[in-house]
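The values are calculated or read from the model by the stated rules, or taken from the named source; none is laboratory data. Everything numeric here is computed off the predicted structure, so don't read it as measured data. All Cβ positions, glycine included, derive from the backbone under ideal geometry; neighbour counts span all protein chains shown. The protein model used for the area step is the full one, side chains on, heavy atoms only, and it has no ligands, DNA or RNA in it. Shrake-Rupley method; radii C 1.70, N 1.55, O 1.52, S 1.80 Å.
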Amino acid sequence: MTSRAYPPLRTAPPAELVTGGRYNFGTYDGPIATINPLDAAGGGLLAGPRRAVRDLGLKEWEAFQLGDDDWFVLGAVYNAKALGLLQVLVVDKRKDTITRFETKLPSPMLSVARGLSGTTSHGDFDGLKISLGNDLPDGTLTVDATRSARGDNPSLSLHTTGDCSPESAAHLVVVHPFADNDALYSHKVMMPMTGSLVLGDERVGFADDHGFLILDDHHGDYPRPMKYDWITAARRADGRVEGFNLTDNQIRNPAEFNENAIWVGNSLDRLPPVTFERPDGPWGMWRARDAEGAVDVTFTPVVKSTMHVGPRKVLAEYYAPYGWFSGVIHGENNTLSVDGMYGVGEQKRITV
C-alpha cells in the first residue's frame, strides 16, 4: 500500500473565531459559534479606526452550489467592500447553456452573515432577491432567490432546503493563516437538498432524491492581489452526497493548512496540497494533482463564464467555467472516483 502524508485530522471548533485579538488557527469539524474577524484589530484607543480599516480589506461572501442530475446552480451574496454582487447562475447540463441572474450594487445594500446560527445572508436590488437562511446547529440551510423576467431571461424562482445534520453531512471549517494575524475563515459542507427551480412558467428541477447542496461561507483577510485556483463538484446517489473541494491559494504551510477534501455521505477526508495545470488556458483542460499521488483530477470545461474589471483586466481577472470531471481521489479512509461528476472551476486574480 502506498504511504501518503495527509494533513492533520479536524478537531472540535473553538467558541469564537478570534480570541484576545488573535485568530484561532486550525481545521475544525463543526460550526464556530462566534464569527468575529474584526476583533483581530485588537483593543485600545485606536481600535475603532483599526477595525474600520480591517473591515474594508475583508472579503466576505456566502455562496452555494446546488443541483441534481440535470442542473447545476451557483449563487452568492458577495461583499468585496468596493462593491457588492448578487448572483444566481443556472446551468443546464444537458444543453451546455447558462442563464445569468446577477446585479452589482453598493456593498452596504447587502448583508453577509457572520455566524451560521439563526442568521441570514441577503440582498434585494434591481429585481433580484436572494436570501440564505442559516440554522446549522439544527441541521438546516435554506436558499431562496427570485427575479422577474427581463430581456431574454425568464423569471427565476429558486427555493431549497439542505440537510446538514450529523447523519447526512460533514463540516470542513478552516481558519488558516495568510500572515501572523491575517486569516482565511471558510465553512464548507455538502448535503442532501430538496426543493424547486422554476424558470419562467416551467418547473425544471429538482429530481426527488437526487438534489445536493454545497455551502461556502467565507471571510478572508486576503493579500493583494487576491488569487487562487479552485474546483468543486458533487452528486447524490442512493440518498448519499459525495463530492470534493480542491484549492490552491495563498495560505501559509499548505501541507497542514488547506481546504482540500472529499465528502462521502457524512464522512470527510482531508487531502494533501494540490497544484493546477492549464496548458491550453482557462477554457482548455485543467488538471489538479498533488505530490503524494492522492489526487489526480481532470476538468473539461463545456460552459464559459467570466467577470473581468478594469482596462486590460487590471482590477479583476476571473474565469469560472462549468464542466465534467474525471479521475480519482484517495483519502485516508475513502477513495472517490470523480468520473462523470459535474461542477465548476475558478481561476481568480483580484486587486480591487
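Tabulated results
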read-out: Efficiency of FRET from Cβ geometry, Met109 and Asp208, R₀ 41 Å, rounded to 0.05; value: 0.65
read-out: Ala47 paired with Asp339, simple spin-label distance in nm, labels 7 Å along Cα-to-beta-carbon; value: 5.8 nm
read-out: Choice from Tyr222, Tyr318, Tyr185 with maximal GNM fluctuation in the chain (Cα, 10 Å cutoff); value: Tyr318
read-out: Accessible area (Å², per residue) of the chain, counting only protein heavy atoms and a probe of 1.4 Å; value: 40 Å²
read-out: Theoretical gain in end-to-end length, Phe125 to Leu9 [0.36 nm per residue, Cα-Cα removed]; value: 37.6 nm
read-out: Spacing of the two label points (7 Å from each Cα toward its C-beta) at Asn181 and Arg22, in nm; value: 1.0 nm
read-out: Structure-based [θ]222 nm, the chain - -39500 (n - 2.57) summed over DSSP H runs of at least 4, per residue, nearest 500; value: -1000 deg cm²/dmol
read-out: Accessible-area composition of the range 206-310, carbon plus sulfur, in percent [1.4 Å probe]; value: 45 percent
read-out: Using a Förster distance of 30 Å, the FRET efficiency for Asp138-Asp55 (Cβ separation, nearest 0.05); value: 0.55
read-out: Carbon and sulfur %, accessible surface of the range 17-170 computed with the full protein complex present, 1.4 Å; value: 53 percent
read-out: Of the trypsin sites (Lys or Arg not before Pro) in the range 15-100, those whose Cβ has at most 13 other Cβ within 10 Å and which sit in DSSP loop; value: Arg94, Lys95
read-out: Accessible area in the full protein assembly, largest first, 1.4 Å probe, for Trp324, Trp61; value: Trp324, Trp61
read-out: Listed residues Glu242, Glu16 arranged by accessible area, highest first, probe 1.4 Å; value: Glu16, Glu242
read-out: Length gained when the stretch Glu277-Lys81 is fully extended (0.36 nm per residue, less Cα-Cα span); value: 67.4 nm
read-out: Extended-chain gain in nm, criterion 0.36 nm per residue less alpha-carbon gap, Arg94 and Ala237; value: 49.6 nm
read-out: Nearest-0.05 FRET efficiency for Ser117 and Ser196, computed from C-beta distance (R0 25 Å); value: 0.45
read-out: Cα centroid separation, the range 218-276 to the range 175-212 (Å); value: 14 Å
read-out: Mean separation of Cα contacts under 8 Å (6+ apart) over length of the chain, as relative contact order %; value: 13 percent
read-out: Residues of the range 166-180 with amide N under 17 Å of the 7 Å Cα→Cβ point at Arg224; value: 179
